[in-house]
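The values are calculated or read from the model by the stated rules, or taken from the named source; none is laboratory data. The structure presented is a predicted model; accordingly, all values stated were derived computationally and were not measured. Heads up, the Cβs are rebuilt from the backbone with ideal geometry, glycines too, and the neighbour counts pull from every protein chain shown.
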Amino acid sequence: MPDQQQEPTTAKRRGIYLLPNLLTTAGLFSGFYAIVASMNGQFEMAAIAIFIAMIFDGLDGRVARMTHTESDFGAEYDSMADIVSFGMAPALVAYNWALADLGKLGWLAAFIFVAGGALRLARFNTMLGVADKRYFQGLAIPSAAAIVAGMVWVGAKYNIDPDYVSWLVALFTIACGLLMVSNFRYHSFKDVDWRGKVNFLMILVVVLIFVVVATEPALVLFVLFTAYAISGPVLTIKNVSKLKLEHVVGDQRDDVDADFQQRTENDSDTTPKV
């Protein structure tokens with residue numbers, strides 16, 4: 001009797017799994033709630049809801065991998081939820097808080113953010129399995145959403161008159177939208193061994209970070225994510241011998257990407273081992 005040929009296994013399965021998609025739905029609900037809350041003038045709650053959506057977004061993929069419930073449906077559903085929670089929601093929250101009074105410039109700034117987020121997600125999905133997992137190409141859409149939401153959270157918490165900062169809000173919103181479609185490299189932290197052993201001092205540092213964030217969560221989170229957004233251009237400029245247009249925007253050539261990889265690998269080789 002001839003041997004039966006086995007079908008090749010794929011990384012993602014077909015079907016719908018409850019647990020990871022339930023977490024994705026919770027993130028989608030948080031993003032939708034943020035839009036509704038901003039329409040009712042509850043801007044602090046709207047900003048917090050976007051950060052809650054970030055937590056669910058971080059959990060759904062990890063839960064799917066841990067429980068071996070990854071699927072094509074889950075990946076597509078996650079992208080659809082992301083454009084609502086981290087694209088539409090932050091843009092509309094910022095628009096309702098400060099951008100509406102700017103007229104055409106206000107809604108155009110919000111649209112640039114939404115379009116940048118959609119393009120960022122599309123590029124990310126098409127480069128899966130090809131791009132270097134250690135780095136993101138362009139600012140990730142949850143990080144961009146955290147900056148805009150954090151800015152609104154700070155303004156609402158400290159009773160800042162949006163009329164005084166509307167131009168600044170527009171500038172930040174446009175900048176985040178452009179950074180998402182840029183070629184600046186950002187650390188993805190996917191190469192960190194979260195299951196590895198650490199010394200006791202590292203645990204104390206983690207506790208300290210939680211304490212600092214808990215003191216003024218709005219301000220601290222806004223500053224942290226803004227610093228992360230700035231780190232992309234700094235990292236890219238630092239690790240290329242000559243800055244070119246392809247390093248900033250447009251389609252990257254192989255030699256440009258190799259130049260960045262060569263510099264980062266040389267830097268890692270000279271780093272003393274602990």
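Every listed requirement among (1) in a strand (DSSP E or B); (2) out of contact with any Gly (no Cβ under 6 Å at 6 or more places or on another chain) is met by Y186 save one, (2).
Going by what's in this entry, would R195 be described as on the phi < 0 side of the Ramachandran plot and modelled with pLDDT under 85? Criteria met by R195.
Filtering L179, L168 for residues that are surrounded by fewer than 20 Cβ atoms within 10 Å (Cβ to Cβ) and of a type in the set (A, V, I, L, M) leaves a single hit, L168.
Just to be sure before I move on: is V154 out of contact with any Cys (no Cβ under 9 Å at 6 or more places or on another chain), over 27 Å from D251 (Cα atoms) and assigned to a helix (DSSP H, G or I) in the structure I sent? Here the answer is yes, as V154 does meet what is asked.
Evaluated against (1) in contact (Cβ under 8 Å) with a residue 24 or more places away in the chain; (2) within 26 Å of M45 (Cβ to Cβ); (3) part of a helix (DSSP H, G or I), A100 falls short on exactly one condition, (1). Against the definition (touching a residue at least 12 places away in the same chain (Cβ under 8 Å) and either among the aromatic types (F, W, Y) or in contact with a Gly (Cβ under 8 Å, 6 or more places away or on another chain) (or both)), how does A81 come out, yes or no? Criteria met by A81.
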